[in-house]
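Heads up: the structure comes next, in structure tokens.
The values are calculated or read from the model by the stated rules, or taken from the named source; none is laboratory data. Computed from a prediction, not measured in an experiment: that's the story for all the values here. FYI the Cβ positions are ideal-geometry reconstructions off the backbone, even for glycines, and counts take in every protein chain you see. Calculation scope for accessible area: heavy atoms of the full protein, side chains included, ligands and nucleic acids excluded. Shrake-Rupley method; radii C 1.70, N 1.55, O 1.52, S 1.80 Å.
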Amino acid sequence: QQQVKQSPQSLIVQKGGISIINCAYENTAFDYFPWYQQFPGKGPALLIAIRPDVSEKKEGRFTISFNKSAKQFSLHIMDSQPGDSATYFCAASPVWEYIFGTGTRLKVLA
Amino acid sequence: GAGVSQSPRYKVAKRGQDVALRCDPISGHVSLFWYQQALGQGPEFLTYFQNEAQLDKSGLPSDRFFAERPEGSVSTLKIQRTQQEDSAVYLCASSADTGLGIHEQYFGPGTRLTVT
């Protein structure tokens, strides 16, 4: 019940395309859903986050879509660039800690 | 400093040795978290501090793991009698709030621990 399931495990997208990463959760007590970007050898960096009372949030090329009834949320990266090539993690927070998904390795081809 | 800093960045320990990993959170941040990230996996929660109080240590994998934050700023994660399964990246994160509201966590670069 504490798990966050993330898919796909890896993703290859052409430059300029849309990258879509999906996450699902079971625990309805989760109330905060951030997305992190991690480059090799670096710590995770916060990209964008959403609360369950909002169905969509957009910041620049990054959009979170949230479906509370389905207990699913997704990250959309518009106009994907080679510099976006990294590992992306979704997370959910019940109280204070984050429970992370297993990550999606994104490669954007030039 | 502008962000969370951790030291050392890399640590190699022989099995059975004790290690201490340091975290300097963002100045003024009340909340501090430790996570463990195995290769190819997402970070997993270890422990949480609000100021100097350790409010949650439910994620510590064994009693060989110990964390402290005596003055409510710098934190140290100590691992006694290291085992090979302790090899991972240890991440520290800090947050400005008390943990009861919106809580954006900012991560440091991590310490990569290799136990040989």
- With respect to B:GLY3, determine if the residue is part of a loop (DSSP other than H, G, I, E, B), closer than 20 Å to A:GLY41 by Cβ and touching a residue at least 40 places away in the same chain (Cβ under 8 Å). yes
- Within the range A:41-52, considering residues that are free of Cβ contacts under 8 Å to residues at least 12 places away in the same chain and in a loop (DSSP other than H, G, I, E, B), the one farthest from the other protein chains (Cβ to nearest Cβ): A:GLY41
- Task: Select from the range B:3-21 the residues that are within 12 Å of the chain's Cα centre (by Cα) and closer than 21 Å to B:ASP63 by Cβ and write down the one among them that is most open to solvent (accessible area, probe 1.4 Å).
- Result: B:ALA20
- Task: Spot the failing condition for B:PHE33; the list is (1) in contact with an Asp or Glu (Cβ under 7 Å, 6 or more places away or on another chain); (2) within 14 Å of another protein chain (Cβ to nearest Cβ); (3) under 25 Å from B:LYS14 (Cβ atoms), and only one is missed.
- Result: (3)
- Message: With modelled with pLDDT of 95 or more, farther than 23 Å from A:LEU47 by Cβ and touching a Ser or Thr at 6+ places or on another chain (Cβ under 6 Å) as the only criterion, which of B:THR76, B:THR47, B:THR114 stands out?
- Response: B:THR114
- Message: Let me spell it out: the conditions are (1) part of a strand (DSSP E or B); (2) surrounded by fewer than 18 Cβ atoms within 10 Å (Cβ to Cβ), and A:GLY83 meets all of them except one. Which number is the exception?
- Response: (1)
- Query: within 14 Å of A:TYR25 (Cα to Cα), among the aliphatic types (A, V, I, L, M) and within 14 Å of chain B (Cβ to nearest Cβ), is that true of A:ALA86?
  - Reply: no
- Note on the structure: Going through the range B:81-100 in order, the residues found to be over 13 Å from B:LEU113 (Cβ atoms) and open to solvent by 50 Å² or more (accessible area, probe 1.4 Å) are B:ARG81, B:ALA96, B:THR98, B:LEU100
- Give the number of residues within the range A:58-110 that are touching a Pro at 6+ places or on another chain (Cβ under 7 Å) and basic (Lys, Arg). 1
- Message: Filter the range A:60-80 down to the residues that are open to solvent by 50 Å² or more (accessible area, probe 1.4 Å) and on the phi < 0 side of the Ramachandran plot and list them by number.
- Response: A:ARG61, A:ASN67, A:LYS68, A:SER69, A:GLN72, A:MET78
- Note on the structure: Filtering the range B:65-75 for residues that are open to solvent by less than 30 Å² (accessible area, probe 1.4 Å) and of a type outside the set (A, V, I, L, M) leaves a count of 4
- Looking at the range B:4-30, which of its residues are under 28 Å from A:TRP35 (Cβ atoms), away from every other protein chain (no Cβ under 12 Å) and of a type outside the set (D, E, K, R)? B:SER7, B:LEU21, B:PRO25, B:ILE26, B:SER27, B:GLY28, B:HIS29
- Can you tell me which residues in the range A:19-42 are surrounded by fewer than 18 Cβ atoms within 10 Å (Cβ to Cβ) and under 15 Å from A:SER85 (Cβ atoms)? A:PHE39, A:PRO40, A:GLY41, A:LYS42
- Inside the range A:1-18, the number of residues satisfying the requirement of being surrounded by 12 or more Cβ atoms within 10 Å (Cβ to Cβ) and not in a loop (DSSP other than H, G, I, E, B) is 7
